[in-house]
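Novice: Following this message is one structure expressed as structure tokens.
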Number of protein chains: 6
Amino acid sequence: MARADGRQDDALRDVRITRGYQQWPAGSVLVEFGRTRVLCAASVQEGVPRWRAGSGLGWVTAEYAMLPSATHTRSSRESVKGRVGGRTHEISRLVGRALRACLDMSAIGENTIAIDCDVIQADGGTRTAAITGAYVALADAITWLGAAKRLADPKPLSCAVAAVSVGVVDGRVRLDLPYEEDSRAEVDMNVVASDTGTLIEVQGTGEGATFTRSTMDTMLDYAIAGCARLTEIQAEALALPYPGELPGAAK
Amino acid sequence: MARADGRQDDALRDVRITRGYQQWPAGSVLVEFGRTRVLCAASVQEGVPRWRAGSGLGWVTAEYAMLPSATHTRSSRESVKGRVGGRTHEISRLVGRALRACLDMSAIGENTIAIDCDVIQADGGTRTAAITGAYVALADAITWLGAAKRLADPKPLSCAVAAVSVGVVDGRVRLDLPYEEDSRAEVDMNVVASDTGTLIEVQGTGEGATFTRSTMDTMLDYAIAGCARLTEIQAEALALPYPGELPGAAK
Amino acid sequence: MARADGRQDDALRDVRITRGYQQWPAGSVLVEFGRTRVLCAASVQEGVPRWRAGSGLGWVTAEYAMLPSATHTRSSRESVKGRVGGRTHEISRLVGRALRACLDMSAIGENTIAIDCDVIQADGGTRTAAITGAYVALADAITWLGAAKRLADPKPLSCAVAAVSVGVVDGRVRLDLPYEEDSRAEVDMNVVASDTGTLIEVQGTGEGATFTRSTMDTMLDYAIAGCARLTEIQAEALALPYPGELPGAAK
Amino acid sequence: MARADGRQDDALRDVRITRGYQQWPAGSVLVEFGRTRVLCAASVQEGVPRWRAGSGLGWVTAEYAMLPSATHTRSSRESVKGRVGGRTHEISRLVGRALRACLDMSAIGENTIAIDCDVIQADGGTRTAAITGAYVALADAITWLGAAKRLADPKPLSCAVAAVSVGVVDGRVRLDLPYEEDSRAEVDMNVVASDTGTLIEVQGTGEGATFTRSTMDTMLDYAIAGCARLTEIQAEALALPYPGELPGAAK
Amino acid sequence: MARADGRQDDALRDVRITRGYQQWPAGSVLVEFGRTRVLCAASVQEGVPRWRAGSGLGWVTAEYAMLPSATHTRSSRESVKGRVGGRTHEISRLVGRALRACLDMSAIGENTIAIDCDVIQADGGTRTAAITGAYVALADAITWLGAAKRLADPKPLSCAVAAVSVGVVDGRVRLDLPYEEDSRAEVDMNVVASDTGTLIEVQGTGEGATFTRSTMDTMLDYAIAGCARLTEIQAEALALPYPGELPGAAK
Amino acid sequence: MARADGRQDDALRDVRITRGYQQWPAGSVLVEFGRTRVLCAASVQEGVPRWRAGSGLGWVTAEYAMLPSATHTRSSRESVKGRVGGRTHEISRLVGRALRACLDMSAIGENTIAIDCDVIQADGGTRTAAITGAYVALADAITWLGAAKRLADPKPLSCAVAAVSVGVVDGRVRLDLPYEEDSRAEVDMNVVASDTGTLIEVQGTGEGATFTRSTMDTMLDYAIAGCARLTEIQAEALALPYPGELPGAAK
């Protein structure tokens, strides 16, 4: 029962991270997990939501969305339907929580970093790709804020954040499922982890089936190792210089 | 660091399940986890959603909602705001998935069972109480369908389903968090399990913190044991006769 | 042509009023008119709507809603439909007007009392039960405000408010219609009255029929007498001590 | 305490009814009660709402709306706000119920008559003017349906319908209140009556005050007499020939 | 290939402009292009939208809408659908832009003039009639502002604005198309021009066809001449005195 | 007064067209006009909208949208706002009309081609870039339909379609405005033309200014020449083979 793309059960797809994909946001990253492509932008906005104003703390929001043309068959546009669907809401909230786990909100002052994850092409694992790319965009936005002298603490990121999917397909635990596997997985789990190997979020679901504690343990093993590999790829990408013009840079 | 209510870290709150709470739905259950009270109703509707019509399979939907007066400070009404919030969407989807895991959809034919979980009073753990109560309401609706001779298979429930929250508070893993603990938990996890101890859903989140693999393991231990205890309480409640009048009953 | 439940034409159903039904609102009352059960909560909120700010006057708002599981066949949830229906709007407005008629707005200062009437079980007369129960919840909220030393005048309620339905069924004027009568009534009227027998609101409708002035007069006679009896039941309920902990109470 | 326009307390304002105001609807009437002007159109549509299909019965719907420019200070447009307000809902439902009371639904077959009441200028009493004008538009639509040979019974209108407001202003009962009186009325009532003097709808409200049974009786006396006078004016208007081209007419 | 109404290809329909159509707005104009009738109101509101506050500049907004009964077959009401359609949005924006082109925003200070164009009867060319009538209503609102001593500059209108449609029907260029021509036009163009013959807006569309540059030129010739004639009719209407009572007028 | 990028007044920016940008749609094109980048996808869907069913004719719809991160400062997401804005509506309608002008609807049978134009990066001229790219995506979708043997006529495209903006900036007519010019243009015009030089749509607007007939003529000259150049670039792009796998192709 080999995988269609020949990967080992515990192997990631090819992962590519392209910084500076767009001109205007402080961070803009195209992340690719195989054929899944997500554009992650981090925009800096002055001020924070009303309920947080006056606290001296910053905020990170996230919105996830899918282009209608990203999926095998066209999906309808949520703006036209006039409402955001439950799945979209759920993923947007997940991305926001994941990124807030790594950021010291007092260091960025009363600024909001708005994360936009727009799926350009979907082939499974869009939410985990989104989190992995969004962390890199966030890191660029932090660099931008530092250059703009708007950081109270020069190192507000307490950890790096990466995420990967894992599931049970054909009775085997497998990492980083493409759509073809995801759509028939018996169990589906998304794991968000820090670069020190601690966990930030674990969401596992039996899809019309239940799963044993020992399957759960194997899935966690694979996912934590996968996140460690993603952390390395993020670090390589971030080792390059900031891809645009920083505020205060000599022109 | 004892708990405010004197419980052991791995103990549930008092759990009460009252069947037959309302007159009209096929199943209607008031479930109480301490001061948290959720009204779970299961209504049988002929037909299935359009995308499933003609399949011969049934369906289970779920909607979760909070009365405005259920919370410490009044929350605004989603019907008046004109949109269902992300948290509500997320929990409704969770309840539906959890219950679908235990039901053989071919056995109920093209009927829909609509589960409504309305929180009368919120004191932490409303989503896990909702799942635990909704399973009992679903079981009553199945009994009702059987009496109405609308089941293709007399035992369509493949397992029982219960759920409980677990978290890290004051640095200790604790089961079944009330609001006072939940609101300051460092890690928060909801676990849905079957009566055979297998897992249906695991959702764990670091709230502004990360957690180690070993904390994850302890949380799973507590939660699986808690679900086993809830399964017993469900079974005791279901050992009583159906609380209303069944179709075809002699009057 | 006796009534299905054996009542006299001018008799009320069994009416029960339970104070302190929920933990958190300042007033929380379960009111039952036969099988109709409505949960009425009164929550105190600082401030008033923008158009009233700076007036020194308080405000009372009301929202009425029906649980999907409250009706004979499940009704769809207005939050999911994304809009409040006309009937819901109409009743919410009626409840608010009725309660505002009895309250001196200058006495409560710039506070808002939000009334939530959520129908747990519907068997006719939900709007009149809601008003009758909401008055008791409002009275408890006033007691709470007094204990919190937030009243400019210690007795801001100028009268008590009760409401009852009356209609023409099978050619006879009848009081307090259950669903079985209401659904086939030729004329349907709701009357809100004060404890001095004066009228606050009269809404009478021919349902596909017209009615004579003399029928109108008989309906008013029955309804005013019914409201007087409801006023007594409210007074009995309110004669008991406040069912929770008041602000400033020694603990 | 004379009225600002010099009228007797029980007198109507000048009432004018202009048929054939628009080109396309089967009935189109401009009704004026003093400075209040409402355009009432009755459009015939094949078919009935889904819940009524196959019954052989017709249906009458009504929508009431206010032009933004109709009021003393511009009111905002409900289409732009994205929701119909409670007051609009309430009046639309009232107009529909009032007209359905006079029409034999089996006589018009499975056709829907859509009534649109758009307020061109508001000076109090818009809902009662709307009902009074809409009846005339409905009568024209019935004539049109008859000419089109789409009536099962040539006289499907069982009665005429008119409506008027009455209230207590300056301590006196007064008929047909303009805005200046309406805005400070202590009691406000709308009465819909048939041409035989029977009642179709009575809606009376104390505006921050209560009212006695005897005030109620006087208000009903004035309103019933006012409706009788409106019925005469409707009959005069309808005595003229149909104001457009009827189907099947020789050209 | 004569036109159904016998007009020359470059002739306008009968155009009538009635000022003072409604009581309350500062400007209220009924404009008729043949059977097309649009009610244009200009209401003065203190203050400007938030994004413009503090600029010292005024603002003009416009909303266009169609009564459901205005069209050959009844159209559904946008408030009931809960959203403004694309065509409505487009025309509202066009009317606003057209009128802003003629007004010196600094002269009216931080006041907003809200233009409402409500189509009473539609027979083609509603948007161009709306612009032509709205200019007259705007001129009246300016007169009103002047009388109220709220103008910084007594002549804030830099030009007059009129608009007309032109198209290709039956292979011929024709001016001011009624619905019967518009619905089968191969090319459809709307032109907004000033009283000096300069252009404000040109919107030309091939309806399932393309058109040559020379057709474009002829259409512009006809439209510019048509607008010049409309400018004369506007001027005649405005030569009469202000149709209501001006602020500060001796009573 | 040279242009910031050194271009001649009548020169286009660098235009690049990349076919096969996404995996799943039948046509997927990334079009770039300088820094403006729009992703244009053409998805084939069986069936047509209800109002067109049974006609034997196909349909083309278009939706335009802007990623929040595409603009200089982040724009809010229309799905989250719950409504599509007027500008978005307007452009979506324009794109649809432009493409329908070139396609024989009977040749594609009852299929719908859904065009999605999502702006990845905005720097002026997004709507004209969208049309220019969407034509290429449409041509690929037609090739796909032909390979799938779903075309009644092998050449259903009657012309090619391209679009460009033109305006008056600094008193000079200029072609293909970037944001920096567009935001301060006195006149702004969008022209859609066919490959034979005929016009499909002309939309010209004075932005707080009016413009003369001779300016109009110069703008048309520039735009028609610009479209001719765009037509060549489209043809070069389409001269390459179809960028994916066609239905029926030997694997």
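Novice: Show that you can apply the helix-only estimate: for chain F, add -39,500 (n - 2.57) for every DSSP H stretch of four or more residues, divide by all residues, and state [θ] at 222 nm to the nearest 500. Could the numbers behind the result be given before it?
Specialist: On the way: 5 runs with 72 residues, N = 251.
Taken over chain F, the calculation gives -9500 deg cm²/dmol.
Novice: Turning to a different aspect of this structure: Within the stretch D:213-242, name every residue whose backbone N is under 17 Å away from a label modeled 7 Å from Cα of D:GLN8 along the Cβ vector.
Specialist: Residues passing the 17 Å test: D:218-233.
Novice: With no solvent and one equal point scatterer per Cα, compute the Debye intensity ratio I(q)/I(0) for the stretch C:37-175 at 0.14 Å⁻¹ and report its log10, rounded to two decimals.
Specialist: -0.69
Novice: With a ≥ b ≥ c taken as the square roots of the eigenvalues of the C-alpha gyration tensor of chain B, please select rounded if a/c is under 1.5 and otherwise prolate if a/b is larger than b/c or oblate if it is not? Working shown, then result.
Specialist: Numbers: a/c = 1.76, a/b = 1.63, b/c = 1.08.
Note, shape of chain B comes out prolate.
Novice: Which whole number gives the average, over all residues in B:93-105, of C-beta atoms from other chains lying within 10 Å of the residue C-beta? Kindly include the intermediate steps, with their values, before the conclusion.
Specialist: Numbers: counts 5, 3, 0, 1, 4, 2, 0, 3, 6, 2, 1, 1, 1.
Mean partner shielding for this stretch: 2.
Novice: Something else about it: Would you mind computing, in nm to one decimal, how far apart the modelled labels at E:ASP170 and D:GLU232 are, each placed 7 Å from Cα along Cα→Cβ?
Specialist: With each label placed 7 Å out from Cα toward Cβ, I get 5.4 nm.
Novice: Using a/c under 1.5 as the rounded threshold, could you call the stretch C:29-84 rounded, prolate or oblate? The axes a ≥ b ≥ c are square roots of the C-alpha gyration tensor eigenvalues, and prolate needs a/b larger than b/c, oblate otherwise. Intermediate values should be presented prior to the final figure.
Specialist: On the way: a/c = 4.36, a/b = 1.78, b/c = 2.45.
Here the stretch C:29-84 falls in the oblate category.
Novice: What number, in percent, do you get for the relative contact order of chain C if the mean sequence gap of Cα pairs under 8 Å and at least 6 apart is divided by its residue count?
Specialist: On the way: 536 pairs, mean separation 53.6, N = 251.
Averaging sequence separation for qualifying contacts and normalising by length gives 21 percent for chain C.
Novice: Which value, in debye to the nearest 20, describes the size of the charge dipole of the protein assembly as shown about its Cα centre when Lys and Arg Cβ atoms bear +1, Asp and Glu Cβ atoms bear -1, and nothing else is charged? Mind showing how you got there, number by number?
Specialist: Working: 162 positive and 186 negative charges, 1 e Å.
Taking the Cα centre of the protein assembly as shown as origin, the dipole is about 0 debye.
Novice: What's the exposure ranking of A:LEU240, E:LEU230, E:LEU12, going from fewest to most Cβ atoms within 10 Å?
Specialist: Taking fewest neighbouring Cβ atoms as first place, the list is A:LEU240, E:LEU12, E:LEU230.
Novice: If we hang a label 7 Å off Cα along the beta carbon direction at D:ALA53, how far is it from the matching labels on the other copies, in nm, shortest first?
Specialist: 1.0, 1.0, 5.0, 5.1, 5.1
Novice: With +1 on each Lys and Arg Cβ and -1 on each Asp and Glu Cβ, and nothing else charged, work out how big the dipole of chain C is about its Cα centre, in Debye to the nearest 20.
Specialist: Working: 27 positive and 31 negative charges, 145 e Å.
So the magnitude is around 700 debye.
Novice: Around B:SER79, what is the net charge, scoring Lys/Arg as +1 and Asp/Glu as -1 over all other residues with Cβ under 13 Å from its Cβ?
Specialist: On the way: positive: B:ARG77, B:LYS81, B:ARG83, C:ARG77, C:LYS81, C:ARG83, C:ARG87, D:ARG83; negative: B:GLU63, B:GLU78, B:ASP118, C:GLU63, C:GLU78, C:ASP116, C:ASP118.
Value of the local net charge: +1.
Novice: Here's a follow-up. For chain B, find the longest principal axis of its Cα atoms and tell me its angle to the long axis of helix B:213-239, 0 to 90°, nearest 10.
Specialist: Tilt of helix B:213-239: around 40 degrees.
Novice: Put the label 7 Å from Cα along Cα→Cβ for B:ALA148; what are its distances to the other copies, in nanometres, shortest first?
Specialist: Going from nearest to farthest copy, the values are 4.1, 4.1, 4.6, 5.9, 6.3 nm.
Novice: Which residue of chain B is nearest the rotation axis onto chain D, counting by its Cβ, and what is the distance in whole Å?
Specialist: Nearest Cβ to that rotation axis, in whole Å: B:GLY82, 4.
Novice: Let me ask something else about it. Report the GluC sites (Glu not before Pro) located in the stretch D:146-249 that are in a DSSP loop and have at most 14 other Cβ atoms inside 10 Å of their Cβ, or state none. Intermediate results must be reported in sequence, preceding the final value.
Specialist: Details: sites: D:GLU180, D:GLU181, D:GLU186, D:GLU201, D:GLU207, D:GLU232, D:GLU236, D:GLU245; in loops: D:GLU186, D:GLU207, D:GLU245.
Loop-located and lightly packed - D:GLU245.
Novice: Now for a separate question. Starting from a label point 7 Å past Cα on the Cβ side, list the distances from C:GLU180 to the same position in the other copies, nm, shortest first.
Specialist: So the label point of C:GLU180 gives 4.8, 5.6, 6.4, 6.4, 8.2 nm to the other copies.
Novice: Continuing with this model, one more query. Take every residue in peptide A:58-70, count the Cβ atoms of other chains within 10 Å of its Cβ, and give the average of those counts. Show your work: numbers first, answer last.
Specialist: On the way: counts 0, 0, 0, 0, 0, 6, 0, 6, 0, 9, 8, 19, 8.
Partner-chain Cβ atoms within 10 Å, mean over residues of A:58-70: 4.
Novice: Which whole number gives the average, over all residues in F:209-222, of C-beta atoms from other chains lying within 10 Å of the residue C-beta? Walk me through the intermediate numbers first.
Specialist: Numbers: counts 4, 14, 6, 4, 8, 0, 2, 6, 4, 0, 1, 5, 1, 0.
For this peptide, the per-residue mean of nearby foreign Cβ atoms is 4.
Novice: Another question, if that's okay. Given a cut-off of 27 Å, name the pairs among C:LYS81/D:LYS81; C:LYS81/F:LYS81; A:LYS81/D:LYS81; D:LYS149/E:LYS81 whose C-alpha atoms lie farther apart than that in the structure shown. Write out the running numbers ahead of the final one.
Specialist: Values: C:LYS81/D:LYS81 17 Å; C:LYS81/F:LYS81 17 Å; A:LYS81/D:LYS81 17 Å; D:LYS149/E:LYS81 32 Å.
Checking Cα-Cα distances, D:LYS149/E:LYS81 exceed 27 Å.
Novice: Label the protein assembly as shown by shape, choosing from rounded, prolate and oblate, from the square roots a ≥ b ≥ c of the eigenvalues of the Cα gyration tensor; if a/c is under 1.5 it is rounded, and otherwise prolate applies when a/b is larger than b/c, oblate when it is not. Could the numbers behind the result be given before it?
Specialist: Working: a/c = 1.61, a/b = 1.00, b/c = 1.61.
Cα axes put the protein assembly as shown in the oblate bin.
Novice: Now, a different point. Quick one: what Rg and Dmax do you get for the stretch A:61-109 from the alpha carbons, in Å?
Specialist: In Å, with Rg to one decimal and Dmax whole: 14.3, 44.
Novice: Along the charge dipole of the stretch B:60-202, pointing to its positive end and built from +1/-1 on Cβ of Lys, Arg, Asp and Glu, which listed residue (B:GLY85, B:VAL168, B:LEU103) has its Cα farthest out?
Specialist: B:GLY85
Novice: Taking θ as phi - 60°, what are the ³J(HN,Hα) couplings along the stretch D:185-202 by the Karplus curve (6.51, -1.76, 1.60), each to the nearest whole Hz, with x for Gly and Pro?
Specialist: 5, 7, 9, 9, 9, 10, 10, 10, 9, 8, 6, 9, x, 7, 9, 10, 7, 10
We did not get these values from a lab; they are worked out from the coordinates using the rules stated. As the structure is a prediction and not an experimental result, all values here were calculated from the model. Reconstructed Cβ throughout: ideal geometry from the backbone, glycine too, with neighbour counts over all protein chains shown.
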